[in-house]
Amino acid sequence: MDKTYYAVSYNSETGIPNWVSWHLGTADIGSTPRQDDFRADDALPATWYHVSDISYTGSGFDRGHSCPSNDRTISVPANSSTFLMTNMSPQAPNLNQ
């Protein structure tokens, strides 16, 4: 899936990305603050499970970015795109933080 600021191969069975790929250059880095707007990816087919922000509630896992938020600080749309749940994988808090 082309997410404009990165590409993702999303696994509908596991609910996490198979892989995420992005280019990192000086044009991708700016001063936009972290958006923290975690949300389901509405671009997924309707028949696929849509992981949402509350899917992690009480799980003991953090929502771990594949394409990091800090790699997309050139604009609000760029940074916000990294908070789609199709860009997240469960991570142990001591690894993610």
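The values are calculated or read from the model by the stated rules, or taken from the named source; none is laboratory data. Because the structure is a prediction, the values reported are computed rather than measured. Because the Cβ atoms are built from the backbone with ideal geometry, glycine has one as well, and the counts that use them run over all protein chains shown. SASA here: full protein model, heavy atoms, side chains in, ligands and nucleic acids out. Shrake-Rupley method; radii C 1.70, N 1.55, O 1.52, S 1.80 Å.
If the requirement is being modelled with pLDDT under 95, more than 14 Å from TYR10 (Cα to Cα) and not β-branched (Val, Ile, Thr), which of these qualifies: SER55, SER69, SER75?
On the way: SER69 fails: modelled with pLDDT under 95; SER75 fails: modelled with pLDDT under 95.
Every option except SER55 fails the conditions.
Go through (1) surrounded by fewer than 17 Cβ atoms within 10 Å (Cβ to Cβ); (2) free of Cβ contacts under 8 Å to residues at least 40 places away in the same chain for ASP62 and report which single condition fails. The single condition ASP62 does not satisfy is (1).
There is no residue in segment 47-54 that is assigned to a helix (DSSP H, G or I) and among the hydroxyl-bearing types (Ser, Thr, Tyr). Can you work out which of the residues in segment 1-18 that are open to solvent by 60 Å² or more (accessible area, probe 1.4 Å) and touching a residue at least 12 places away in the same chain (Cβ under 8 Å) is farthest from ASN79 (Cα to Cα)? Step by step, filter segment 1-18, then rank; the result is MET1.
Determine, yes or no, whether SER81 is surrounded by 12 or more Cβ atoms within 10 Å (Cβ to Cβ), touching a residue at least 40 places away in the same chain (Cβ under 8 Å) and touching a helix residue (DSSP H, G or I) at 6+ places or on another chain (Cβ under 7 Å). Outline the logic, then answer.
Numbers: surrounded by 12 or more Cβ atoms within 10 Å (Cβ to Cβ): yes; touching a residue at least 40 places away in the same chain (Cβ under 8 Å): yes; touching a helix residue (DSSP H, G or I) at 6+ places or on another chain (Cβ under 7 Å): no.
Judged against the criteria, SER81 is not a match.
In the set (1) in a loop (DSSP other than H, G, I, E, B); (2) open to solvent by 20 Å² or more (accessible area, probe 1.4 Å); (3) at pLDDT 95 or above, SER89 fails one condition alone, (1). The residues of segment 23-47 that are exposed (fewer than 15 other Cβ atoms within 10 Å of the Cβ) and under 21 Å from ASN11 (Cα atoms), listed by number, are ARG39, ASP42, ALA43, PRO45, ALA46, THR47.
Exactly one residue out of ASN70, ASN96 is open to solvent by 50 Å² or more (accessible area, probe 1.4 Å) and touching a strand residue (DSSP E or B) at 6+ places or on another chain (Cβ under 7 Å), and it is ASN96.
Listed here are the residues, each with its yes/no results for (1) among the aliphatic types (A, V, I, L, M); (2) in a helix (DSSP H, G or I); (3) farther than 15 Å from PRO17 by Cβ.
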| position | (1), (2), (3) |
| --- | --- |
| ASP36 | no, no, yes |
| ALA43 | yes, no, no |
| ARG63 | no, no, no |
| ASN79 | no, yes, yes |
